[in-house]
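Contents: one structure, followed by commentary.
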Amino acid sequence: MQEFIEEQKLLCEEFDSAYIKVNDDDLIAIAVHTLNKEPIVGIRKKTPGDENVEWFIYGGELEEGNDFFEIITVKKLEEIFPDAIPYLALERGFRFMIDQDDYEDVWKAE
């Protein structure tokens, strides 16, 4: 995780976000089975109930269902989809969209 900190800080500065430290054992919700679809979307939001999960990452269209997302650690995310790691330090309310052609969009939902 250490190698991503500088990139995370620069990204936060670029998009006018506070820097939120990311730890290897932080939890995220990810739809692993959709990571072959584009674009990849990440949303950081407060959820009722589970206080530990704020990031939701999926590919393609968001689908309904309790089994769409699985909970993994940031360390595991680094192994299976490291392209998302630079965005995880953005504050709550931010979203990102990326694809394999280097498309990138980052914004704060109002």
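The values are calculated or read from the model by the stated rules, or taken from the named source; none is laboratory data. Because the structure is predicted, anything quoted here is derived from the model rather than measured. As a convention, Cβ positions derive from the backbone with ideal geometry for all residues, glycine included, and neighbour counts pool all protein chains shown.
Restricting to segment 1-27, count the residues that are among the β-branched types (V, I, T) and surrounded by 16 or more Cβ atoms within 10 Å (Cβ to Cβ).
Going through segment 1-27 one residue at a time, the tally reaches 2.
Just to be sure, is Y87 surrounded by 16 or more Cβ atoms within 10 Å (Cβ to Cβ) and not hydrophobic (A, V, I, L, M, F, W, C)?
Considered against the rule, which asks whether it is surrounded by 16 or more Cβ atoms within 10 Å (Cβ to Cβ) and not hydrophobic (A, V, I, L, M, F, W, C), Y87 comes out as yes.
Is it the case that segment 79-100 has a residue that's in contact (Cβ under 8 Å) with a residue 40 or more places away in the chain, among the small types (G, A, S) and in a loop (DSSP other than H, G, I, E, B)?
Yes, that holds for at least one residue.
Of all residues in segment 36-68, which are basic (K, R) and not in a loop (DSSP other than H, G, I, E, B)?
Once the filter is applied, which keeps residues that are basic (K, R) and not in a loop (DSSP other than H, G, I, E, B), segment 36-68 yields only R44.
Using the structure shown, decide if E70 is within 23 Å of Y103 (Cα to Cα) and either modelled with pLDDT of 95 or more or not polar (S, T, N, Q) (or both).
no
Please go through segment 28-72 and pick out each residue that is surrounded by fewer than 16 Cβ atoms within 10 Å (Cβ to Cβ), in contact with a Lys or Arg (Cβ under 9 Å, 6 or more places away or on another chain) and more than 15 Å from F94 (Cβ to Cβ).
G60, E61
One line per residue, one yes/no per condition, for (1) of a type outside the set (V, I, T); (2) at pLDDT below 95; (3) within 13 Å of the chain's Cα centre (by Cα):
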site	(1), (2), (3)
S17	yes, no, no
I40	no, no, yes
K45	yes, yes, yes
P48	yes, yes, no
N66	yes, yes, no
Y87	yes, no, yes
L90	yes, no, yes
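Given the structure, is I71 of a type in the set (A, V, I, L, M, F, W, C) and in a loop (DSSP other than H, G, I, E, B)?
No; evaluated as a whole, the condition is false for this residue.
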